[in-house]
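Step one of this worksheet: look at the structure below.
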Amino acid sequence: MEEQGLLIVLSGPSGVGKGTVRKHLFEHYNNDFDFSISMTTRQQRVGEVEGEDYFFRTKEQFEEYIKEGRLLEYAHYVGNYYGTPIDYVRETMAKGIDVFLEIEVQGALEVKKRMPEGIFIFLSPPDLDELKSRIENRGTDLPDVINQRMDKAREELQLIKYYDYVVENDSVDAAARKIRSIIESEHLKVERNIERFTKIIQEMM
Ligand code: 5GP
């Protein structure tokens, strides 16, 4: 039987740079894992592509997904829904391919309840001032949304203790490299290789 792929969850406060680090990781590190595209009810931003950045859906369509149990997790975040379609995650992992989620903290904790075997990585900002200037510089949010995102970030930082790893995003490349190393190390864990080695040892006997 094919070995299951790993579930890798990258999370952390909005504006910390999860999207940038994730894109850098996929573009520069020749990855063999797949990105799970989320569904959202928020407005498409300029430059975003349907089915690449998100599946943009109406509130009614999203709620239909919730009702049908087709989301691994979802969160109501700053006035909009965000969620992870479950079929893609299950099917990809079953093929032996790692799946990479980039989601906010509440959703990550939901995933942890359902799939505790996942690898949970918290991307942290160097400090809160830096986080605020990143959100402001992005220029996509109105001031009260920026304040809501900052309040949320303060709450989210307290949840770091539920994660397996913390990576500080002081440089995009360094953060991406660290995430890559975490995934490589996870694949090398004895518990993930014991079956293969037990067979080798038996054959040697
Ligand atoms: P943005 O509006 O900036 O694209 O995303 C807002 C927040 O929602 C970010 O922290 C992003 O990582 C998170 N997010 C994106 N997709 C999902 C998802 O499927 N589930 C959850 N829980 N959060 C998500």
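Values in this text are rule-based calculations from the coordinates and carry no lab data. Owing to the predicted nature of the structure, the values given are computational and were not obtained by experimental measurement. Neighbour counts run over all protein chains shown; Cβ positions are idealised from the backbone, glycine included.
Values for this structure:
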item	result
Only Lys, Arg (+1) and Asp, Glu (-1) charged, at Cβ; the range 1-148 dipole about Cα centre in debye	260 debye
Under-5 Å amide H pairs with Leu71, H placed in peptide plane, nonlocal only	Ile86
Centre separation in Å (Cα based) which lies between the range 118-185 and the range 24-55	17 Å
Counted charge near Pro116, where neighbours are those whose Cβ lies closer than 12 Å (Asp, Glu -1; Lys, Arg +1)	0
Helical contribution to [θ] at 222 nm, DSSP H n ≥ 4, -39,500 (n - 2.57), averaged over the chain, rounded to 500	-14500 deg cm²/dmol
DSSP beta bridges in the chain [antiparallel fraction, %, rounded to 5]	30 percent
Relative contact order (%) - the range 1-144, alpha-carbon pairs under 8 angstrom, separation at least six	42 percent
Under 5 Å, built H, 5+ apart or other chain: amide partners of Phe100	Ile8, Asp34, Phe35, Ser36
Amide H within-cut-off set for Ser124, under 5 Å, with H built and near neighbours excluded	Val167, Glu168, Asn169
Unsatisfied cross-links (Cα-Cα over 20 Å) in the set Lys161/Lys189; Lys113/Lys161; Lys113/Lys189; Lys112/Lys199	Lys161/Lys189; Lys113/Lys189; Lys112/Lys199
